[in-house]
Amino acid sequence: MLQGKKVCLRTVRESDLDLIYRLMTDVSQKGEYWLIDIPAEPAFRRGFIERGFWHDNFGRLLIVDRQAGRVVGEIIYFRNADYRAGYEIGYQIFRREDRGKGYMSEALTLFSAFLFESKPIPRLQLTLVVGNESSRKVAEKCGYHYEGTLRKAAFLAGKYVDLELFGLLREECPPLRL
């Protein structure tokens, strides 16, 4: 478990599965920049049963509000191509009312430091839909640098959209403070 002032990051427990699946698939709570991905429930549960949502090329931690003890979001890492050094990070705050409270900035800072201290990787990256200023502010606040635009790289709301690539190098990341 990783603990900050506002949040703690922890692995998924079997008792979380119903709640997490419901939150992940509640389209009414997704923002305008959500890239639609609704996993089939059997595959979602199988991912937990087989590896607990944690292995060399993928990991999922829940973001929990420390004061309320309530799950507010998730943060994941994954290898998006075998030839790339490092991992990509994805994240979401599940409910609209929990956005803009600083949960994600703290979670991304903790998670980035943890990955650099536990994995032999030189970099981490994020891809954000162009125009997603909230997520861009989180990335920049956490030390990620804009590296370029991937043109027409994702399909969103019936059209292709550009993605911005942000990266963080090992030497740019502050150490994990436990």
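The values are calculated or read from the model by the stated rules, or taken from the named source; none is laboratory data. The shown structure was predicted, so the numbers you read here are calculated from the model rather than taken from an experiment. Reconstructed Cβ throughout: ideal geometry from the backbone, glycine too, with neighbour counts over all protein chains shown.
Selection of the stretch 138-175 for residues being among the basic types (Lys, Arg) and crowded, with 16+ Cβ neighbours inside 10 Å yields only Arg170. If the condition is being assigned to a strand (DSSP E or B) and either free of Cβ contacts under 8 Å to residues at least 24 places away in the same chain or over 14 Å from Lys101 (Cα atoms) (or both), then the stretch 1-15 contributes Leu2, Gln3, Cys8, Leu9, Arg10, Thr11. The condition of being surrounded by fewer than 18 Cβ atoms within 10 Å (Cβ to Cβ) and among the aromatic types (Phe, Trp, Tyr) does not hold for Tyr91. If you check Phe58, Phe53 for being aromatic (Phe, Trp, Tyr) and in contact with a helix residue (DSSP H, G or I) (Cβ under 7 Å, 6 or more places away or on another chain), only one passes: Phe53. In the set Glu106, Glu171, only one residue is part of a helix (DSSP H, G or I) and touching a residue at least 24 places away in the same chain (Cβ under 8 Å); that residue is Glu106. For the residues Arg79, Arg60, Arg84, Arg46, the requirement of being of a type in the set (Lys, Arg), crowded, with 16+ Cβ neighbours inside 10 Å and either under 25 Å from Leu156 (Cβ atoms) or at pLDDT below 95 (or both) singles out Arg60.
The residues of the stretch 13-43 that are loosely packed, with under 11 Cβ neighbours inside 10 Å and among the hydrophobic types (A, V, I, L, M, F, W, C), listed by number, are Val27, Ile36, Ala40, Ala43.
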